[in-house]
Amino acid sequence: MKRSKQSTIFSVLFMGLGQIFNKEIFKGIIFAIIELVTILNFGYFSKSINGLITLGDKPQYFVDGIAKGDHSIFLMIEGLIAIAILFLVILVYIINIMDAKRVSEALEKGENPLNTREFFKHIWDKYFPHIMITPAIMFTIFFILLPIIFTIAVAFTNYSSPNHLPPRNLVDWVGLQNFKDIINLKIWNNTFLHVGLWTVIFAVVTTACNYFVGLILALLTNAKGIKFKKVFRTIFILPYAIPAFISVLVMRLAFSGPGPVNNMLSSLGISKVAFFTNPFMAKIMVLVVCVWLGAPYFMALMSGVLTNIDNSLYEAAEIDGATKWQQFSKITLPLVLFQTMPLLIMSFAYNFNNFAAIYLLTNGNPVNSNYKYAGDTDILISWIYKMTKDQNQFHMASVVTIVLFIFVAGISAYSFSKTKSFKEEDMM
Amino acid sequence: MNKKTVKNKNQKVNLSNFIQRAIIYAVLVMISIVIVTPILWIVLSSFNSGTSLFSSSLIPKNPTLVHYKELFTQTDFPKWYMNTLKIATINMIISVILTTLSAYAFSRFKFKGRKQGLMAMMILQMFPSFLAMTAIYILLSKLGLLNSHWGLILVYAGGQIPYNTWLCKGYFDGIPKSLDEAAKIDGASNMTIFVKIILPLARPIITLVALTNFMSPWFDFIFPQIILKSSDKKTLAMGLFDWVQKQQNTHFTRFAAGAILVAIPITILFVYLQKHIVEGLSSGATKG
């Protein structure tokens, strides 16, 4: 049998054997240690993965103040972590086989094996990009990917109050039951449809208003013969610059029942307005405040675009006798739209999930008794937050999260596929 | 006769120009009032001698600095300020290191899994990370990092990776590869190229990433609520938010004073750098 085949088979049998056979002792020992550690921890892996499958068989109870029994959610996370580690080990296993094959083939051609020092230098040069991205990948796996997979997994369980809330109870896998419930149970699908509809309206109207108010502001501050342009621009950028959580809280206090706006109205002899307790009024307030917050961003963006438009275009149009309106609709608008289109779509996706604005301004209120755990101004993301943080309805929160994520990811992926950087990557 | 009509026409143009300008000024001033009024209200309230929302008239009758003094003598406000500053600074450093390293690898090297990695980053950046708060909470409790600033920093630094890696990678792609190649011929290592060529040329985008990561802990009131518990560990956003949530009628003017002390440095930083920020964001999104 050829040497390369032999060493490959050795490495398949036990990690590192092929490398030792190739006289790369150091490398071989490292691979062997990884496999040895994995095998010695077989109990840990099988227990964790078994825990993920069963989610425990006995709820927690206390013996002399020490907790015994199973906590389903901890079992779930531990199982997922074990799978993530196992996945990494399998990756190393494959690398080990490929490496044994490659080195032995090189030996057959008469090249010398690397000594330890050369080996490290070789690794540093050849795997430089891998080493560079490793920290970022580790962070991404544990702080983004794992939590997302957990959230998706919860959608297939009954993890919720009052009957399935660890540590006092166990959680079970229920398959597609939650998805069926949100379609079939009237209280759930009613809430989902109405909150979803308001989310779409909110995102469309806010984005459109922000865009056009921003454009108007930019046109005004760029108009010929206007003085103090810088002063106005600085004032207009303020709502974008001030931390949003402060300005939104200020708005909430200003328009609240006993707040200064109502005080002023009553001193003028006008009756008080229920800005946040009347459902319709509350929705209008949400839109107005979001435009107050969001339009300046587009103004700043479009000022840049407007100053970059070639002035000779307007001069040529004027010679041809075009009116101001024609100049605007045929030159300015198309150019601005073309340049800011991707950002318009990104802004839509952002507003779709504009949690801070809703949560801080109205907290989704006023409460609507036809909705399950939601108020009239709640958008999907704030509804999810309420179900998770206040109501312990983790299972339904996860279902809605999945739907929301697919929708927003679809829109963003579409807009992203239009950008130059994406096309250059030739990804699809 | 001919001269006269020209003059007449000029006058007409001047008049209509004047009216046009007057209208524009009027609109500009009106919008300014709409924007400035709430800001002015909160600034003046912080000097108001009362404590509650009801009593604060727009122009304070007996202006006072007592609420600012209270912040430093009777509350944890100075502690929160230092906490936020510390978290923001460490988060900024870790985030910039993580992001630039991975963006450099993605921009300059061809390796197995590169495309899949970029694709995964693109999809992951669309997931609002706080929706996975249950998992993050349990993960941090396993690591023993609940109610600790490091837990918060790790979550921030991890969460920003996908988006900012794309942003940086886009900018790095725009730096000519011939520079790297020339340096390589002169015997420069990959690390030297990164530190001596890429980083200096990518200063604008690195400034942007550093800045956004420095500022996000000042704004975020969601993760601190999930991770931090004790009052001396709180960040500013969380602390101020709690005041309004729990005591909006009794400590309103104190909130106003605190809000102003937070908003002033951030706003100045932002106005000063806004051109930079907007340019960076739009170049990342459109040209990339």
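The values are calculated or read from the model by the stated rules, or taken from the named source; none is laboratory data. Only a predicted model underlies this, so the values are computations on that prediction, with no experimental measurement involved. Cβ sites come from the backbone with ideal geometry, for glycine too, and all protein chains shown count toward neighbours. For accessibility, only protein heavy atoms count, side chains too; no ligands or nucleic acids. Shrake-Rupley method; radii C 1.70, N 1.55, O 1.52, S 1.80 Å.
Here are some notes:
- Candidates A:V213, A:V205: the one that is open to solvent by less than 60 Å² (accessible area, probe 1.4 Å) and within 14 Å of chain B (Cβ to nearest Cβ) is A:V213.
- Positions within the range B:190-216 being within 11 Å of another protein chain (Cβ to nearest Cβ) and surrounded by 14 or more Cβ atoms within 10 Å (Cβ to Cβ), in sequence order: B:N190, B:I193, B:F194, B:M215, B:S216
- Listed conditions (1) in contact with a helix residue (DSSP H, G or I) (Cβ under 7 Å, 6 or more places away or on another chain); (2) more than 13 Å from chain B (Cβ to nearest Cβ) are all met by A:I358, apart from (2).
- Candidates in the range B:61-106 are the residues that are facing chain A (nearest Cβ under 10 Å) and of a type in the set (G, A, S); of these, the one that is farthest from A:I94 (Cα to Cα) is B:S95.
- A:V305 being open to solvent by 20 Å² or more (accessible area, probe 1.4 Å), touching a helix residue (DSSP H, G or I) at 6+ places or on another chain (Cβ under 6 Å), part of a helix (DSSP H, G or I) and of a type in the set (V, I, T): no
- Test for A:V286: is it touching a Cys at 6+ places or on another chain (Cβ under 7 Å) and either surrounded by fewer than 16 Cβ atoms within 10 Å (Cβ to Cβ) or touching a residue at least 60 places away in the same chain (Cβ under 8 Å) (or both): no
- Against the numbered list (1) more than 23 Å from A:L361 (Cα to Cα); (2) at pLDDT 85 or above; (3) touching a helix residue (DSSP H, G or I) at 6+ places or on another chain (Cβ under 7 Å), A:V231 comes up short only at (3).
- Residue check, A:L193 more than 14 Å from chain B (Cβ to nearest Cβ), among the hydrophobic types (A, V, I, L, M, F, W, C) and crowded, with 16+ Cβ neighbours inside 10 Å: no
- Per the conditions (1) over 21 Å from B:K142 (Cα atoms); (2) at the interface with chain B (Cβ under 8 Å from one of its Cβ atoms); (3) not charged (D, E, K, R), the sole criterion not satisfied by A:I137 is (1).
- Test result for B:I138, within 11 Å of chain A (Cβ to nearest Cβ) and either among the polar types (S, T, N, Q) or surrounded by fewer than 23 Cβ atoms within 10 Å (Cβ to Cβ) (or both): yes
- Test: residue in the range B:152-171 that is away from chain A (no Cβ under 14 Å) and at pLDDT 90 or above: no
- The one condition from (1) at pLDDT 85 or above; (2) of a type outside the set (D, E, K, R); (3) touching a Lys or Arg at 6+ places or on another chain (Cβ under 9 Å); (4) open to solvent by less than 20 Å² (accessible area, probe 1.4 Å) that A:F276 does not meet is (4).
- Pairs linking a residue in the range A:83-100 that is at negative phi to a residue that is modelled with pLDDT of 90 or more and of a type in the set (A, V, I, L, M), with Cβ atoms under 6 Å and 6 or more positions apart or on different chains, are A:V92/A:I34.
- Single unsatisfied condition, B:K234 versus (1) within 13 Å of chain A (Cβ to nearest Cβ); (2) in contact (Cβ under 8 Å) with a residue 60 or more places away in the chain; (3) among the charged types (D, E, K, R): (1)
- Test: B:M126 is at pLDDT below 85, within 8 Å of chain A (Cβ to nearest Cβ) and assigned to a helix (DSSP H, G or I): no
- Filter result for B:G158 (of a type in the set (G, A, S), in a helix (DSSP H, G or I) and either out of contact with any helix residue (DSSP H, G or I) (no Cβ under 9 Å at 6 or more places or on another chain) or in contact (Cβ under 8 Å) with a residue 60 or more places away in the chain (or both)): no
- Wholly enclosed helices (runs of 4 or more DSSP H) of the range A:222-267 bearing at least 1 residues more than 22 Å from A:I358 (Cβ to Cβ): A:229-241, A:260-267
- Residue within the range A:177-194 that is free of Cβ contacts under 8 Å to residues at least 40 places away in the same chain, under 30 Å from B:S32 (Cβ atoms) and more than 26 Å from the chain's Cα centre (by Cα) present: no
A quick yes/no check of all residues on (1) open to solvent by less than 60 Å² (accessible area, probe 1.4 Å); (2) over 26 Å from A:S11 (Cα atoms):
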| position | (1), (2) |
| --- | --- |
| A:L91 | no, no |
| A:L107 | yes, no |
| A:T134 | no, no |
| A:M138 | no, yes |
| A:I141 | yes, yes |
| A:I144 | yes, yes |
